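The values are calculated or read from the model by the stated rules, or taken from the named source; none is laboratory data. The shown structure was predicted, so the numbers you read here are calculated from the model rather than taken from an experiment. Counting neighbours? That spans all protein chains shown, and the Cβs are built from the backbone with ideal geometry, glycine included.
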Amino acid sequence: MQKTLDFSKEIINGNVNVSVVEMGLTINKCLEKPNIRIVFKDEFAQVGFSVVKVLVIRFMESFGFSTKMNDSQIDTLTVDTLEKFSYESLEDIVLFFKMARNGSFGTTNRGVDSNLIYGEWFPKYLEKKSELREQSYLKQKGKT
């Protein structure tokens, strides 16, 4: 949990290259990380909001659409992200945004909004994660 808090503060302060972190992430690695619901509770809720907002802004700026989100839309997408990923890890958010950005869940011609991200792309990510979790479970079960 402390590692995630430290990682979050490094992202917020701009002391970590998120691109380098992305390159080393896999869904299997994300399975081992604590969920954000536990990490960012109580007095750490503001840290959670801040780090996810940085990641949301970074994600949205990666698209070449001429219309950009305003501050209110960014805040709304940040809240949506925190809610949807409450049982996932901070690393899941980083990896999901990378995969969505590079077209792993499909393309968009009309821009990116919460409906597309969480109505279409997020369920695909969870499905991939569920499949890997099941494979990992079966592998562990076979070893015992």
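I'd like the full set of residues that are within 19 Å of PHE44 (Cβ to Cβ) and in contact with a Leu (Cβ under 8 Å, 6 or more places away or on another chain), limited to region 89-119. Full working, then the answer.
Here is the first cut: in region 89-119, the residues within 19 Å of PHE44 (Cβ to Cβ) are 89-94.
Matches in region 89-119: GLU91, ILE93, VAL94.
Counting residues that are in contact with a Phe, Trp or Tyr (Cβ under 7 Å, 6 or more places away or on another chain), which helices (runs of 4 or more DSSP H) fully inside region 1-86 reach at least 1? Working first, answer last.
Details: elements: 2-12, 18-24, 27-30, 36-39, 45-61, 71-84.
Hits in region 1-86: 2-12, 36-39, 45-61, 71-84.
In the set GLU134, GLU61, which member is acidic (Asp, Glu), at pLDDT below 95 and within 20 Å of GLU22 (Cα to Cα)?
On the way: GLU134 fails: within 20 Å of GLU22 (Cα to Cα).
None of the others qualify; the one that does is GLU61.
What single numbered condition from (1) at pLDDT below 95; (2) closer than 24 Å to MET1 by Cα fails to hold for TYR87?
Condition (1) is where TYR87 drops out.
For region 87-97, enumerate the residues that are over 17 Å from PRO123 (Cβ atoms) and assigned to a helix (DSSP H, G or I).
LEU90, GLU91, VAL94, listed by residue number.
Confirm whether VAL79 is exposed (fewer than 11 other Cβ atoms within 10 Å of the Cβ) and within 30 Å of ASN109 (Cα to Cα).
On the way: exposed (fewer than 11 other Cβ atoms within 10 Å of the Cβ): no; within 30 Å of ASN109 (Cα to Cα): yes.
For VAL79, the condition - exposed (fewer than 11 other Cβ atoms within 10 Å of the Cβ) and within 30 Å of ASN109 (Cα to Cα) - is not met.
State which residue pairs qualify: first residue closer than 23 Å to ALA45 by Cα and inside region 3-28, second residue small (Gly, Ala, Ser) in any location, beta carbons under 6 Å apart, and separation of 6 or more residues or different chains.
ILE12/SER50
Quick check on this structure: which one of GLY106, GLY142, GLY119 is in contact (Cβ under 8 Å) with a residue 12 or more places away in the chain and loosely packed, with under 14 Cβ neighbours inside 10 Å? Outline the logic, then answer.
Values: GLY142 fails: in contact (Cβ under 8 Å) with a residue 12 or more places away in the chain; GLY119 fails: in contact (Cβ under 8 Å) with a residue 12 or more places away in the chain.
Exactly one residue qualifies, and that residue is GLY106.
Could you tell me which residue of region 1-15 is surrounded by the most Cβ atoms within 10 Å (Cβ to Cβ), considering only residues that are aliphatic (A, V, I, L, M) and within 18 Å of LYS33 (Cα to Cα)? Even if it seems obvious, please write down each step before you answer.
The initial filter retains those residues of region 1-15 that are aliphatic (A, V, I, L, M), namely 1, 5, 11-12.
Of the ones still in play, those that are also within 18 Å of LYS33 (Cα to Cα) are 1, 5, 11.
Values: MET1: 13, LEU5: 17, ILE11: 21.
Result: ILE11.
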